[in-house]
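First up is the structure itself, then whatever we jot down about it.
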Amino acid sequence: MRYIPDSELIWPPHDKIHSVLAPLGFDSRVIQILCHIPFLKNTVIQRASPELDHGTYGINYLDSGEAEDMLEVSRPDEILLFKSCSDFGNFYVYNVSSQTMKLATPFQLYSKEQGRNEFDRLSPRPAAKVLGDLADSFTTLTLVPMRGLSGFQLSSSLPGSDTEIKRLYARNGWPKKFNGEQFEKDLAAWLERESQKGTESIARMTRVSAVEAQTGAPNTKSMRSTRSLRERLHMIRRKSTFA
């Protein structure tokens with residue numbers, strides 16, 4: 001989809017990961033699995049990290065600081081594959097013992113008692129099914145990835161942009177005969193046109209949900225509408241996941 005460049009990926013096997021995670025106290029089973037999972041390089045600075053689900057980002061376990069942060073909120077037999085960077089994102093929590101996965105809100109992980117009790121009542125699902133559903137969301141363009149002027153985001157999170165970008169994907173043969181090179185040219189041209197409008201440009205809408213737009217100051221109306229849309233999309237997907 002021409003969303004995440006190869007330069008942003010760290011491919012397994014990760015020969016040094018044991019020396020990073022073992023001193024922190026990670027379970028040996030967790031370390032063994034993480035040896036074979038690709039990581040994103042930029043996961044700490046939200047603006048530079050690709051959004052993988054609404055409000056949800058990757059985790060780089062080769063970064064000892066980030067790994068330690070994840071260890072603080074996970075149980076010994078859990079792997080947090082993706083993390084939430086907002087109050088309506090998801091943690092993708094894989095259980096090593098049961099080989100199942102749950103999608104958790106920040107409250108369900110960070111609140112040790114009430115939140116964890118709520119998490120325990122969620123129905124676990126096969127990990128392959130959960131990740132397959134996420135992949136299908138990209139294939140069907142329920143989630144529309146875009147590498148824009150100010151970073152990476154799902155354009156389906158940005159009011160008014162997802163329809164046009166879906167057209168660009170379809171015009172360039174997505175998903176079966178995708179012409180990635182032409183798509184990148186068409187996307188660059190569209191972004192340039194949008195950036196010239198001066199109002200409600202992509203540069204200003206990028207990261208509105210996290211109040212981290214790089215250019216301009218989004219007005220409160222834009223912030224509310226974007227946040228409301230993202231929360232509705234998030235709740236719809238959570239309901240369908242746990243139905």
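The values are calculated or read from the model by the stated rules, or taken from the named source; none is laboratory data. Quantities reported herein were computed from a predicted structural model and do not represent experimental measurements. As a convention, Cβ positions derive from the backbone with ideal geometry for all residues, glycine included, and neighbour counts pool all protein chains shown.
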Members of the stretch 67-93 that are surrounded by 17 or more Cβ atoms within 10 Å (Cβ to Cβ) and either out of contact with any Ser or Thr (no Cβ under 9 Å at 6 or more places or on another chain) or of a type in the set (D, E, K, R) (or both):
ALA67, MET70, LEU71, VAL73, SER74, GLU78, ILE79, LEU81, LYS83
Output the residue which, of all residues in the stretch 111-137 that are acidic (Asp, Glu) and free of Cβ contacts under 8 Å to residues at least 60 places away in the same chain, is surrounded by the most Cβ atoms within 10 Å (Cβ to Cβ).
GLU118
Within the stretch 161-182, is even one residue surrounded by 14 or more Cβ atoms within 10 Å (Cβ to Cβ), modelled with pLDDT under 85 and within 20 Å of the chain's Cα centre (by Cα)?
yes
Give the number of residues within the stretch 57-114 that are of a type in the set (Phe, Trp, Tyr), touching a His at 6+ places or on another chain (Cβ under 9 Å) and modelled with pLDDT of 95 or more.
1
Of all residues being under 17 Å from GLU66 (Cβ atoms) and crowded, with 19+ Cβ neighbours inside 10 Å in the stretch 95-110, which is nearest to the chain's Cα centre (by Cα)? Just the residue, please.
PRO106
